[in-house]
1. Just to be sure before I move on: is P63 modelled with pLDDT under 90 and open to solvent by less than 70 Å² (accessible area, probe 1.4 Å) in the structure I sent?
2. Which ones in segment 1-23 are part of a helix (DSSP H, G or I), open to solvent by 100 Å² or more (accessible area, probe 1.4 Å) and modelled with pLDDT under 90?
3. Would you please list the contacts, defined by Cβ atoms under 8 Å and residues six or more apart or on different chains, that run from a residue in segment 24-35 that is part of a loop (DSSP other than H, G, I, E, B) to a residue that is open to solvent by less than 80 Å² (accessible area, probe 1.4 Å) and of a type in the set (V, I, T)?
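The values are calculated or read from the model by the stated rules, or taken from the named source; none is laboratory data. Keep in mind the model is a prediction, meaning the values are calculated, not measured. In this analysis, Cβ positions are derived from the backbone assuming ideal geometry, glycine residues included, and neighbour counts consider all displayed protein chains. Remember, those area values only see protein heavy atoms, side chains included, never the ligands or the DNA or RNA. Shrake-Rupley method; radii C 1.70, N 1.55, O 1.52, S 1.80 Å.
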Amino acid sequence: MLEKRLYKHETTGMKVRRLVLPVHSGSIYGWPTKIVAFAGCLFAVSLPVTGFLVWWNRKKKKPKGAVQEVKASADGSVVVG
């Protein structure tokens, strides 16, 4: 060890930089943080999947500009479709 660097003497940027690995690995406060990190990862992974499903379902629907046929029945009610 060439020199001793105390946390209280570090700059704010260096303090944040030293927290990057513990925050991303979930090792700051033990198991609760690991569970929160895992839940966050599951959420992040689900976003592209759900986005694709929404896009795919919207693609299968009829275009909004399609003309719908309107019929009037004998009793005066209107049927669309």
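1. Taking the combined requirement at face value, the residue does not satisfy it.
2. Of everything in segment 1-23, those that are part of a helix (DSSP H, G or I), open to solvent by 100 Å² or more (accessible area, probe 1.4 Å) and modelled with pLDDT under 90 turn out to be Y7, K8, H9, R18, L21.
3. Pairs found: G26/T33; S27/T33.
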